[in-house]
């Protein structure tokens, strides 16, 4: 195995442009150059504030009556700040700093400090700043980096490493020191400390990574060491594994078994696809359990060095990725920051995001993590899954739950995508590879006899030191039946004796023996990348002929054209074969239509017309709009030979129509909230359901009213709505291109309720009548409307249902009862499908206990005693009541006793002087009941 951004015997090295990493000054926050923000003192009058503006020759766009204003002038902001701060009318002043909505780290090499250099280039491509707004850690989801080890003392990795392992050193297994530099780079992409004002920012912001050394000082490693390192990492808690190495060597069973073991234990495994720019299988990336990652440049275009194939799952930036560098291999005058180019640098970006996804959804299996990354990836190149980007380019924000954004732009049809639309040439032609996998067809009109042809394709300058998108020509030549008569390719520049590429134009020449009739020429980029520059084709009657045939071509035509857009949803795709097909082998299993993004099969019938050699697909239902579909031919036999034709596919995208309206949309009212529900129609490009609200009876439009919901759920509760108002809603379906369906509306009419009582204070045992009513805001009554009376004790906090009633024809209700204690009452209408709910104001009814009293005897002689006794209803067992005596004009406490379980009390009275004394019993308020007094009893003492 060889690291995929290091030198390798098995593949070319991804060219790394020169990188200057001389020490940079620590950055400072940006601010508006000639402005400051000022808060005046409260005592500063308007005239004083205006005087400040005049004194410093400044102006303001804000009213000087505001407490905080922005003032501008000709003076540089720092100098202006010093002057303004010193003014006695100013309380606080500061620079007008620039802020951003997205989390952007302050690491030294994060911004674009020189053209083409800076982490921000790659991070913006995958929307990492927005993702950091959602998460800044991988938590306990440790990422193991199987590589050349790590610089254990690197300052930007301090606190971000867990115990690692060295599979190459039995004597020092706990010392995975990096002796090559590659491992420090890949690990730093994941786990370099973010926002620490030095170096670079790791994908995980505050991540933990496990260095596992399995590659030697040449960047190479044996399967045995890789297996040992992988098993160790899994046993010691790794949840994600990054492997930025690979080989085209045939599948190693034992390595695959180790990967399967890790996968079965829930470990997510990510690997680089390789840097040979070819389409052969790479291991371990092509194992089905592994997330294989290709490399793009900053703009999202696949690099010409990135390996490709149907086994590639996703792509991420892999060009000039700034990261941690080993200090042992860094000039002392430089910061330990290196630039990394290669799929080795793409894989850890994906691994870092995979760990954050796993941290957010810890129960996700490796398959679910991979599905999450792929389903949220942004499409690039030809639409749908393809061998170059897989599912697309990683979108970190989308993967962590953020809203999707637009896909990367893609070229459309170029007019010569199939032999039926080949560009006619005699001796020369030209074209360009406008999209990854683009094939341009040329046709040389038929000749009467066999002749030798020399077909050459020459590309523009191939130079990865200057650009990452380069053309390496491949040419295939076919006879009139599209049977191969020769091919040639030139995939990579020659290497000089020192191992350096000899940059320059590449030419591929096929010398073929062409039979009589038309000759077709197919030109493609051998490395799969796009290159908008022009290549040239030349055809001459020369050469030796006799080239070895390659693979025959299956289709003479495909409709719709490859990469066609705006195709009608009622389309019936078709394939015209280059040679007659055995009709029995043309079926719905060999000629298929699938969703190019998800791979889901589209139900369709297939018919074959032998005379035109055309197979037609008729979908059983209209296709979804704005969806890319793939036509696949696999398993159709030629009439002349009992072998399948080579597999063929072509993609097209349906027209982008406005989405259908919601199937249903309704609301039911309750108190201060509306319960909204809807049924979403079937569509493949749903963005969100948008619901707007107006207060009142007017229906909102897509640009008026208040947005109350936007999302993909099928219900929503709109809360915080003041009662007594009508609320009118309209909902639209919005698709991913921003188109809106027709709106569906619903309305909830406001209602008003009232409550009253026949008495707000009464004695215990008395009866009150609570009366209420509910009408809509137009004073319309609804017979049978449910209205509920609730109560709570005056010293309580929780309301309980007292009585449920149905309204009369006039909207009223009435309820008579005997309240046992002081309570607060309210009336509610819960709302329904037509009306908003209501709640009345509270009313309080106070209940006073009754106190009976008997003074016996009521006349006594001095020195004798009497008794004042009675009962408090309701009984308040254990509560104290007080005997009060009138002294002059003031009632004073004479004694107190606790009530019995039945509410009884008794006071013994023995006066010390002759005369008449008035007594009464006092019951203090206890929350349940108000204070109360017994009748006054007069005692005569002789």
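If we scan the range 543-553, do we find a residue that is at pLDDT 95 or above, touching a helix residue (DSSP H, G or I) at 6+ places or on another chain (Cβ under 9 Å) and either crowded, with 18+ Cβ neighbours inside 10 Å or not in a loop (DSSP other than H, G, I, E, B) (or both)?
Within the range 543-553, one or more residues are at pLDDT 95 or above, touching a helix residue (DSSP H, G or I) at 6+ places or on another chain (Cβ under 9 Å) and either crowded, with 18+ Cβ neighbours inside 10 Å or not in a loop (DSSP other than H, G, I, E, B) (or both).
Let me confirm something: among 536, 587, which residue is assigned to a strand (DSSP E or B) and either more than 37 Å from the chain's Cα centre (by Cα) or at positive phi (or both)? Walk me through how you get there before you give the answer.
On the way: 587 fails: assigned to a strand (DSSP E or B).
Among 536, 587, only 536 is assigned to a strand (DSSP E or B) and either more than 37 Å from the chain's Cα centre (by Cα) or at positive phi (or both).
Hey, can you tell me all the residues within the range 778-804 that are surrounded by fewer than 16 Cβ atoms within 10 Å (Cβ to Cβ) and outside any strand (DSSP E or B)?
Within the range 778-804, 778, 779, 780, 783, 784, 795, 796, 797, 798 meet the criteria.
Just give me the residues in the range 199-224 being over 20 Å from residue 143 (Cβ atoms) and either out of contact with any strand residue (DSSP E or B) (no Cβ under 7 Å at 6 or more places or on another chain) or without any contact (Cβ under 8 Å) to a residue 12 or more places away in the chain (or both), in sequence order.
216, 217, 218, 222, 223, 224, listed by residue number.
Taking the range 633-660, which residues are more than 17 Å from residue 590 (Cα to Cα) and not in a loop (DSSP other than H, G, I, E, B)? If you could, list the steps in order and put the result at the bottom.
Step one: list which residues in the range 633-660 are more than 17 Å from residue 590 (Cα to Cα), which gives 640, 652-660.
Hits for the range 633-660 are 652, 653, 654.
When you scan the range 842-865, do you find a residue that is closer than 30 Å to residue 929 by Cβ, assigned to a loop (DSSP other than H, G, I, E, B), within 48 Å of the chain's Cα centre (by Cα) and not assigned by TED's automatic domain parsing to the domain that holds residue 882, even just one?
Here is the first cut: in the range 842-865, the residues closer than 30 Å to residue 929 by Cβ are 842-856, 858.
With assigned to a loop (DSSP other than H, G, I, E, B) added as a condition, the list becomes 842, 849, 852-853, 858.
Narrowing the set further to residues that are within 48 Å of the chain's Cα centre (by Cα) leaves 842.
Then drop every residue that is not not assigned by TED's automatic domain parsing to the domain that holds residue 882, which leaves 842.
Within the range 842-865 (the criterion being closer than 30 Å to residue 929 by Cβ, assigned to a loop (DSSP other than H, G, I, E, B), within 48 Å of the chain's Cα centre (by Cα) and not assigned by TED's automatic domain parsing to the domain that holds residue 882), the answer is yes, since at least one residue qualifies.
Given the options 503, 441, name the one that is surrounded by fewer than 19 Cβ atoms within 10 Å (Cβ to Cβ) and not assigned by TED's automatic domain parsing to the domain that holds residue 648.
Details: 441 fails: surrounded by fewer than 19 Cβ atoms within 10 Å (Cβ to Cβ).
On inspection, the qualifying residue turns out to be 503.
Can you give me the number of residues within the range 143-175 that are buried (at least 23 other Cβ atoms within 10 Å of the Cβ) and in a strand (DSSP E or B)?
Of the residues in that region, 7 qualify.
Which residues, counting only those in the range 447-474, are farther than 13 Å from residue 543 by Cβ and either assigned to a strand (DSSP E or B) or assigned by TED's automatic domain parsing to the domain that holds residue 305 (or both)?
Residues satisfying the conditions are 447, 457, 458, 459, 460, 461, 462, 473, 474.
Examine the range 388-402 for a residue that is within 21 Å of residue 473 (Cα to Cα) and either crowded, with 23+ Cβ neighbours inside 10 Å or within 47 Å of the chain's Cα centre (by Cα) (or both), and state whether such a residue exists. Break it down into steps so the answer makes sense when it comes.
Residues of the range 388-402 within 21 Å of residue 473 (Cα to Cα): 388-389.
This time we only want the ones that are either crowded, with 23+ Cβ neighbours inside 10 Å or within 47 Å of the chain's Cα centre (by Cα) (or both), so: 388-389.
Yes, the range 388-402 contains a residue that is within 21 Å of residue 473 (Cα to Cα) and either crowded, with 23+ Cβ neighbours inside 10 Å or within 47 Å of the chain's Cα centre (by Cα) (or both).
Looking at 811, 754, 743, which is the one that is on the phi > 0 side of the Ramachandran plot and either at pLDDT 95 or above or surrounded by fewer than 20 Cβ atoms within 10 Å (Cβ to Cβ) (or both)? Break it down stepwise before answering.
Details: 754 fails: on the phi > 0 side of the Ramachandran plot; 743 fails: on the phi > 0 side of the Ramachandran plot.
Sole residue among the options that is on the phi > 0 side of the Ramachandran plot and either at pLDDT 95 or above or surrounded by fewer than 20 Cβ atoms within 10 Å (Cβ to Cβ) (or both): 811.
Looking at residue 379, is it surrounded by fewer than 24 Cβ atoms within 10 Å (Cβ to Cβ) and within 25 Å of residue 118 (Cα to Cα)? It would help to see each step written out before you state the result.
Numbers: surrounded by fewer than 24 Cβ atoms within 10 Å (Cβ to Cβ): yes; within 25 Å of residue 118 (Cα to Cα): yes.
So residue 379 passes the test.
Residue by residue, here is whether (1) under 31 Å from the mean Cα position of the chain (by Cα); (2) surrounded by fewer than 24 Cβ atoms within 10 Å (Cβ to Cβ); (3) modelled with pLDDT of 95 or more holds:
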position: 229; (1), (2), (3): no, no, yes
position: 232; (1), (2), (3): no, yes, yes
position: 235; (1), (2), (3): no, yes, yes
position: 302; (1), (2), (3): yes, no, yes
position: 323; (1), (2), (3): yes, no, yes
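Out of the residues in the range 358-376 that are touching a residue at least 24 places away in the same chain (Cβ under 8 Å) and in a loop (DSSP other than H, G, I, E, B), state the one that is nearest to residue 123 (Cα to Cα).
376
Just to check your reading of the model, which residue among 382, 355, 328, 351 is in contact with a helix residue (DSSP H, G or I) (Cβ under 7 Å, 6 or more places away or on another chain) and either part of a helix (DSSP H, G or I) or in the same structural domain as residue 277 (by TED's automatic domain parsing) (or both)?
Working: 382 fails: in contact with a helix residue (DSSP H, G or I) (Cβ under 7 Å, 6 or more places away or on another chain); 355 fails: in contact with a helix residue (DSSP H, G or I) (Cβ under 7 Å, 6 or more places away or on another chain); 328 fails: in contact with a helix residue (DSSP H, G or I) (Cβ under 7 Å, 6 or more places away or on another chain).
Residue meeting the stated conditions: 351.
Among the residues of the range 495-514, write down those that are closer than 18 Å to residue 456 by Cα and either at pLDDT below 95 or more than 49 Å from the chain's Cα centre (by Cα) (or both). Give the derivation first.
The first filter runs over the range 495-514 and keeps only residues closer than 18 Å to residue 456 by Cα, leaving 504-514.
The answer is 510, 511, 512, 513, 514.
Need pairs with beta-carbon distance below 7 Å; first residue over 14 Å from residue 732 (Cα atoms) and within the range 706-720, second at pLDDT 95 or above and part of a loop (DSSP other than H, G, I, E, B); sequence gap 6+ or separate chains.
719/672; 720/672
Residue by residue through the range 528-537, note down the ones that are modelled with pLDDT of 95 or more and buried (at least 16 other Cβ atoms within 10 Å of the Cβ).
Listed by number, the residues that qualify are 529, 530, 531, 535, 536, 537.
The values are calculated or read from the model by the stated rules, or taken from the named source; none is laboratory data. The structure displayed is predicted, hence computed values, not measured ones. Note: ideal-geometry Cβ built from the backbone for every residue, glycine included; neighbour counts use all protein chains shown.
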